[in-house]
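S.K.: Take this structure first; my questions come after.
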């Protein structure tokens, strides 16, 4: 990778925003963050200490609701999205790994790929552990994996030092055309490694999560444990909505005109009671406990790890923060790992 010294990240942001729509992870000054559309003339400082926003970058590519095609009674018409070039700026390592996971799932989906191919990803290494995060355990942070981003920012630890900018892809190299930067002089590999070790130490050993994963894959968790956890599930879909790797959807056909129909795709949740209900009325996952078990098996089951080459959890901790029943990842792993 090429490495450059960058005096201010706002300079890179302005350069990229001149020819693209740019969405930035913007801190609110109180530890939170949100996605914000930013123009080339924006003067606000980029806050590298902002935590991951409540919603990941997933919805930029896998839309919560979208039209797939139309049928007028005699002919089908595709409805591919018209996507302008865009940049996602300041994406955290865990969310970039989750996007790579989604890239595999939607590899042949034209709607997802239309948005994905039009997007430049600018990642940022984390300088501190986020609330409930354990990305280091699952190899999804705190440093951005080069294959998951086009450009990577390493924030400076001291005001007197420059930022580090890494070019991680050909698209990233082309996007920097016209931006003159000096080559990095520091030992940036050692600096990134030291930063990652420090943040990983903040996250701790996560013994309960490790014990829970082992118990889940050993088949030693009693059905009564899952049913007990199911009692805490409200079926609200909060966890599946904020999870950056969840990809469940449902097709909806709506009448349109005389003899016509429109097919839409909407987000679904495997924790809904009717998610797996069959036309016969039979439901293989009728109880909340069965649905909770299925969800966490998809996140930490070895069979899914073999297929996607990693677990379906990136350790962002969003499910812990959103679940009103207290059965986010740490709540569940505490229960199943300590039984």
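The values are calculated or read from the model by the stated rules, or taken from the named source; none is laboratory data. As the structure is a prediction and not an experimental result, all values here were calculated from the model. All Cβ positions, glycine included, derive from the backbone under ideal geometry; neighbour counts span all protein chains shown.
S.K.: Output the number of the condition that residue 280 fails; it satisfies all remaining conditions of (1) farther than 20 Å from residue 64 by Cα; (2) crowded, with 17+ Cβ neighbours inside 10 Å; (3) over 19 Å from the mean Cα position of the chain (by Cα).
M.R.: In the conditions (1) farther than 20 Å from residue 64 by Cα; (2) crowded, with 17+ Cβ neighbours inside 10 Å; (3) over 19 Å from the mean Cα position of the chain (by Cα), residue 280 misses (2) alone.
S.K.: While we're on this one: Can you tell me which residue among 274, 312, 281 is assigned to a loop (DSSP other than H, G, I, E, B) and in contact (Cβ under 8 Å) with a residue 60 or more places away in the chain?
M.R.: Numbers: 274 fails: in contact (Cβ under 8 Å) with a residue 60 or more places away in the chain; 281 fails: in contact (Cβ under 8 Å) with a residue 60 or more places away in the chain.
Going through 274, 312, 281 in turn, the sole match is 312.
S.K.: Name the residues in segment 138-191 that are within 30 Å of residue 329 (Cα to Cα), assigned to a helix (DSSP H, G or I), in contact with a strand residue (DSSP E or B) (Cβ under 9 Å, 6 or more places away or on another chain) and free of Cβ contacts under 8 Å to residues at least 60 places away in the same chain, would you?
M.R.: Within segment 138-191, 148 is the sole residue that qualifies.
S.K.: Spot the failing condition for residue 266; the list is (1) more than 23 Å from residue 53 (Cα to Cα); (2) in a strand (DSSP E or B), and only one is missed.
M.R.: Single failed check for residue 266: (1).
Residues are listed down the side, and each one gets a yes or a no for (1) out of contact with any helix residue (DSSP H, G or I) (no Cβ under 8 Å at 6 or more places or on another chain); (2) within 24 Å of residue 337 (Cβ to Cβ):
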| residue | (1), (2) |
| --- | --- |
| 170 | yes, no |
| 176 | no, no |
| 189 | yes, no |
| 192 | yes, no |
| 195 | yes, no |
| 198 | yes, no |
| 211 | no, yes |
| 214 | no, yes |
| 218 | yes, yes |
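S.K.: Sort out which residues of segment 223-255 are surrounded by fewer than 17 Cβ atoms within 10 Å (Cβ to Cβ), over 12 Å from residue 325 (Cα atoms) and over 26 Å from the mean Cα position of the chain (by Cα), and write them in order of number.
M.R.: 223, 224, 227, 253, 254, 255
S.K.: Take residue 302 and decide whether it is within 30 Å of residue 136 (Cβ to Cβ) and loosely packed, with under 15 Cβ neighbours inside 10 Å.
M.R.: Considered against the rule, which asks whether it is within 30 Å of residue 136 (Cβ to Cβ) and loosely packed, with under 15 Cβ neighbours inside 10 Å, residue 302 comes out as yes.
S.K.: Evaluate the following for residue 17: is it buried (at least 18 other Cβ atoms within 10 Å of the Cβ) and without any contact (Cβ under 8 Å) to a residue 24 or more places away in the chain?
M.R.: For residue 17, the condition - buried (at least 18 other Cβ atoms within 10 Å of the Cβ) and without any contact (Cβ under 8 Å) to a residue 24 or more places away in the chain - is not met.
S.K.: Among the residues of segment 82-112, count how many are touching a residue at least 40 places away in the same chain (Cβ under 8 Å), surrounded by fewer than 20 Cβ atoms within 10 Å (Cβ to Cβ) and farther than 20 Å from residue 311 by Cβ.
M.R.: Of the residues in that region, 3 qualify.
S.K.: Output the number of the condition that residue 253 fails; it satisfies all remaining conditions of (1) touching a residue at least 24 places away in the same chain (Cβ under 8 Å); (2) farther than 23 Å from residue 90 by Cα.
M.R.: (1)
S.K.: Ok, one more. Would you say residue 62 is free of Cβ contacts under 8 Å to residues at least 60 places away in the same chain, outside any helix (DSSP H, G or I) and in contact with a helix residue (DSSP H, G or I) (Cβ under 8 Å, 6 or more places away or on another chain)?
M.R.: Spelling it out, it is not the case that residue 62 is free of Cβ contacts under 8 Å to residues at least 60 places away in the same chain, outside any helix (DSSP H, G or I) and in contact with a helix residue (DSSP H, G or I) (Cβ under 8 Å, 6 or more places away or on another chain).
S.K.: I'd like the full set of residues that are outside any strand (DSSP E or B) and buried (at least 22 other Cβ atoms within 10 Å of the Cβ), limited to segment 113-137.
M.R.: Once the filter is applied, which keeps residues that are outside any strand (DSSP E or B) and buried (at least 22 other Cβ atoms within 10 Å of the Cβ), segment 113-137 yields 125, 126, 130, 133, 134, 135, 136.
S.K.: Quick one: how many residues across segment 162-185 are surrounded by 13 or more Cβ atoms within 10 Å (Cβ to Cβ) and within 17 Å of residue 7 (Cα to Cα)?
M.R.: Residues flagged as surrounded by 13 or more Cβ atoms within 10 Å (Cβ to Cβ) and within 17 Å of residue 7 (Cα to Cα) within segment 162-185 amount to 10.
S.K.: Can you find even one residue in segment 43-50 that is in contact (Cβ under 8 Å) with a residue 60 or more places away in the chain and either under 24 Å from residue 141 (Cα atoms) or surrounded by 12 or more Cβ atoms within 10 Å (Cβ to Cβ) (or both)?
M.R.: Checking segment 43-50: at least one residue is in contact (Cβ under 8 Å) with a residue 60 or more places away in the chain and either under 24 Å from residue 141 (Cα atoms) or surrounded by 12 or more Cβ atoms within 10 Å (Cβ to Cβ) (or both).
S.K.: Still on this structure, I have one more. Return the total of residues in segment 39-51 being closer than 21 Å to residue 242 by Cβ and touching a helix residue (DSSP H, G or I) at 6+ places or on another chain (Cβ under 6 Å).
M.R.: Looking only at that region, the number is 0.
S.K.: I'd like the residue in segment 307-330 that is over 22 Å from residue 128 (Cα atoms) and surrounded by 17 or more Cβ atoms within 10 Å (Cβ to Cβ) and, out of all such residues, is nearest to the chain's Cα centre (by Cα). Talk me through it step by step, then tell me what you get.
M.R.: Looking only at segment 307-330, we keep the residues that are over 22 Å from residue 128 (Cα atoms), and these are 307-312, 323-327.
Still in the list and also surrounded by 17 or more Cβ atoms within 10 Å (Cβ to Cβ): 310-312, 323, 325, 327.
On the way: 310: 14, 311: 13, 312: 11, 323: 17, 325: 22, 327: 20 Å.
Taking the candidates together, the pick is 312.
S.K.: Additional query: Check off (1) surrounded by fewer than 18 Cβ atoms within 10 Å (Cβ to Cβ); (2) out of contact with any strand residue (DSSP E or B) (no Cβ under 9 Å at 6 or more places or on another chain); (3) not assigned by TED's automatic domain parsing to the domain that holds residue 295; (4) not in a helix (DSSP H, G or I) for residue 197 and give me the number that stays unchecked.
M.R.: Going through (1) surrounded by fewer than 18 Cβ atoms within 10 Å (Cβ to Cβ); (2) out of contact with any strand residue (DSSP E or B) (no Cβ under 9 Å at 6 or more places or on another chain); (3) not assigned by TED's automatic domain parsing to the domain that holds residue 295; (4) not in a helix (DSSP H, G or I) one by one, residue 197 breaks only (4).
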